[in-house]
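A.B. asks: Below is the structure I would like to discuss, written out as structure tokens.
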Amino acid sequence: MSEQDKEQEVVTSGGMSRREFLKAAGAAGAAVGLGVGLSGLLAPEASAWPGSAATTTTTPQATTTTTTAAPPPVTLTEYNQLGLDLESHLYMKTYPIGIKLLKSEAEIPEGAFRPKKDKNEHYGMCQVFALARRQGQTVAMFKEDHWCFQPLISYGLIDEEELGGPGGNTGDSTYDRRLPVGKYPGIVVAPLKNATFTPDLLMMYVDAHQLRHLSMIYKSAGGRHFVGVIDPIGSCVYSVTNPFLDGISTLVVPDPGDYERAGAEPHEMIVTIPAQVLPAFMESFNTYNTRGPKFRQFALSMQPDFPQPQFYQDMFKAWGLDGPKVCI
């Protein structure tokens with residue numbers, strides 16, 4: 001068994017690992033003729049797993065009900081391993097990061113950097129994401145640590161209802177999702193691979209190739225799609241408040257501040273996946289990376305014997321090398 005497989009064999013108090021659970025659930029689905037695999041079992045309605053999931057099939061002869069217990073909760077070790085696997089399997093330039101909304105300072109992980117308290121400094125959230133994804137830091141931000149106005153409004157750190165969200169006063173709530181005022185006074189960010197807290201969100205800065213592969217994985221986890229929240233500003237808001245409040249995975253354009261102050265690159269987009277759907281995403285990711293298609297399977301098709309310019313042909317002929325193939 002590989003080290004990655006060992007990491008996934010996390011046994012619950014009931015003696016069944018996550019991998020064993022999914023195998024058993026798939027077998028149960030086949031037994032009652034449901035014709036559903038992993039994607040069906042982890043459909044949006046069932047992915048929350050509030051306790052258990054029951055499926056019923058009726059035939060002219062009998063009615064059969066199969067009840068499947070909730071899968072084991074994702075452990076911190078599994079989240080850490082996911083961070084490592086995403087980084088290596090997708091050849092990511094910066095670390096996938098975990099984000100947790102904090103209800104009090106008591107929830108701050110040990111060793112987290114506090115900008116104001118530790119160094120009398122302030123940062124924008126895009127810079128905090130960069131400190132985590134580029135430098136591997138764990139950073140905890142409270143009201144006094146911020147240096148950009150929009151998170152103060154949208155993260156519910158100040159009570160200014162009349163001030164608009166990053167999308168302006170359009171009346172479209174998609175562009176003005178706000179955390180309840182005062183409910184989450186802090187936020188902590190760290191590379192997922194060594195986070196010491198259970199994340200509410202997984203955030204990744206990705207290129208188009210990585211985004212396509214992640215989309216394939218995510219779509220196979222219950223037929224889901226990333227929801228684009230496309231606005232030239234406010235990426236630190238849309239990539240946090242929308243997925244956290246709505247339980248949807250978002251695709252967001254890095255805003256100008258992210259480029260000017262945090263080093264976002266021209267090809268990067270921001271993907272955020274909330275905790276509600278991370279278990280399904282993780283299982284789908286593991287399936288893809290054991291049975292394919294692999295990330296680098298989709299590559300440029302190299303054409304042999306490409307058409308040579310005439311001077312190539314003349315040189316090759318003079319050197320006694322092969323010339324263009326003649327079709328008969």
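A.B. asks: Regarding the stretch 220-237, can at least one residue be identified that is in the same structural domain as Ile99 (by TED's automatic domain parsing), among the polar types (S, T, N, Q) and not in a strand (DSSP E or B)?
C.D. replies: Within the stretch 220-237 (the criterion being in the same structural domain as Ile99 (by TED's automatic domain parsing), among the polar types (S, T, N, Q) and not in a strand (DSSP E or B)), the answer is yes, since at least one residue qualifies.
Rundown of residues vs (1) of a type in the set (Phe, Trp, Tyr); (2) touching a helix residue (DSSP H, G or I) at 6+ places or on another chain (Cβ under 9 Å); (3) in contact (Cβ under 8 Å) with a residue 40 or more places away in the chain; (4) surrounded by fewer than 19 Cβ atoms within 10 Å (Cβ to Cβ), yes/no style:
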site	(1), (2), (3), (4)
Pro115	no, yes, no, no
Met125	no, yes, yes, no
Gly136	no, yes, yes, yes
Lys193	no, yes, yes, no
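A.B. asks: Take the residues in the stretch 146-166 that are in contact with a strand residue (DSSP E or B) (Cβ under 9 Å, 6 or more places away or on another chain) and touching a residue at least 24 places away in the same chain (Cβ under 8 Å), then tell me which one is nearest to Gly247 (Cα to Cα).
C.D. replies: Among those residues, the one meeting the criterion is Tyr155.
A.B. asks: Could you list all residues from the stretch 271-300 that are at pLDDT 90 or above, surrounded by fewer than 22 Cβ atoms within 10 Å (Cβ to Cβ) and hydrophobic (A, V, I, L, M, F, W, C)?
C.D. replies: Ala275
A.B. asks: Looking at (1) more than 28 Å from Thr287 (Cα to Cα); (2) outside any strand (DSSP E or B), which is the one condition that is false for Met216?
C.D. replies: Among (1) more than 28 Å from Thr287 (Cα to Cα); (2) outside any strand (DSSP E or B), Met216 violates only (1).
A.B. asks: May I ask you to list the residues in the stretch 94-132 that are within 24 Å of Leu278 (Cβ to Cβ) and either among the charged types (D, E, K, R) or modelled with pLDDT under 95 (or both)?
C.D. replies: Lys100, Lys103, Glu107, Glu110
A.B. asks: Taking the stretch 113-137 as the search range and keeping residues that are charged (D, E, K, R) and more than 19 Å from the chain's Cα centre (by Cα), which one is nearest to Lys193 (Cα to Cα)?
C.D. replies: Per the criteria, the residue is Arg114.
A.B. asks: Six or more apart or on different chains, Cβ atoms under 8 Å: show the pairs whose first residue is in the stretch 301-312 and among the acidic types (Asp, Glu) and whose second is assigned to a loop (DSSP other than H, G, I, E, B).
C.D. replies: Asp305/Pro324; Asp305/Lys325
A.B. asks: So if I check each of Ala140, Ala130, which one is part of a strand (DSSP E or B), among the hydrophobic types (A, V, I, L, M, F, W, C) and surrounded by 14 or more Cβ atoms within 10 Å (Cβ to Cβ)?
C.D. replies: Ala140
A.B. asks: Since His209 meets every condition but one in (1) out of contact with any Gly (no Cβ under 9 Å at 6 or more places or on another chain); (2) modelled with pLDDT of 95 or more, which condition does it not meet?
C.D. replies: Every listed condition holds for His209 apart from (2).
The values are calculated or read from the model by the stated rules, or taken from the named source; none is laboratory data. Given the structure is predicted, the values throughout are model-derived calculations rather than measurements. Heads up, the Cβs are rebuilt from the backbone with ideal geometry, glycines too, and the neighbour counts pull from every protein chain shown.
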